[in-house]
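Below is one structure; the comments refer to it alone.
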């Protein structure tokens, strides 16, 4: 990868790379790679290319997620779609970007009791993170209250680990340590995706999801 860097920027990156024990080129490559990954929509799954619908993608799309899908109706109801999507998002990073859209668009049809009861115990820290992330992006105090209730019950991942299970390389971990939002760390995870990227996805696609599912408008004061 060849990238031109102005001298002033190169000096700043060199100082940052030294703190992370990386070369400047490695730091730039990690940042660019992560940014490209974050900008991509969920690709058409291999099974779907062969005419085999992906039930998780289909379900999330049916409930408002801006995903490529087979167009088949959801085979599961809302809570199952969210929990299955959340579990799959640890292996397929782009899914995490659309889950706040689905949660926000359908939140009046959800209850914490049902989400918690039907979630695997190991998935609860990720559920708490998703609830708090969506509350932070939308200003929804009910979702924040649900996250706080899980937190008071001691739900969190320990020790801290990358949210994306396939992202364990030294470069990604260094970038995640630098960029991971504090609310993500609170639940025992790190990831190299800033809040502004989640906010941009929600503002770009959330309005259409709300129109389809009759949800309330975004709180634009949530910043």
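With a/c under 1.5 counting as rounded, go ahead and sort region 66-118 into rounded, prolate or oblate using the C-alpha gyration tensor (a ≥ b ≥ c being the square roots of the eigenvalues; past the cut-off, prolate if a/b is larger than b/c, else oblate).
Prolate.
Which order do 160, 98 fall in if you start with the one that has the fewest other Cβ atoms within 10 Å?
Fewest-to-most ranking of 160, 98: 160, 98.
At a 10 angstrom cut-off on C-beta neighbours, averaged per residue, how do the peptides 57-67, 119-129 rank from highest to lowest?
The peptides rank, most packed first, as 57-67, 119-129.
Which whole-angstrom value gives the distance between the alpha carbon centres of region 94-109 and region 111-177?
Taking the Cα centre of region 111-177 as reference, the centre of region 94-109 is 14 Å away.
Readers should treat all values here as calculations from the given coordinates under stated rules, not as data from a laboratory. Being a predicted model, the structure only gives us computed values, none of them experimental. Glycine gets a Cβ as well: all are built from the backbone with ideal geometry, and neighbour counts include every protein chain shown.
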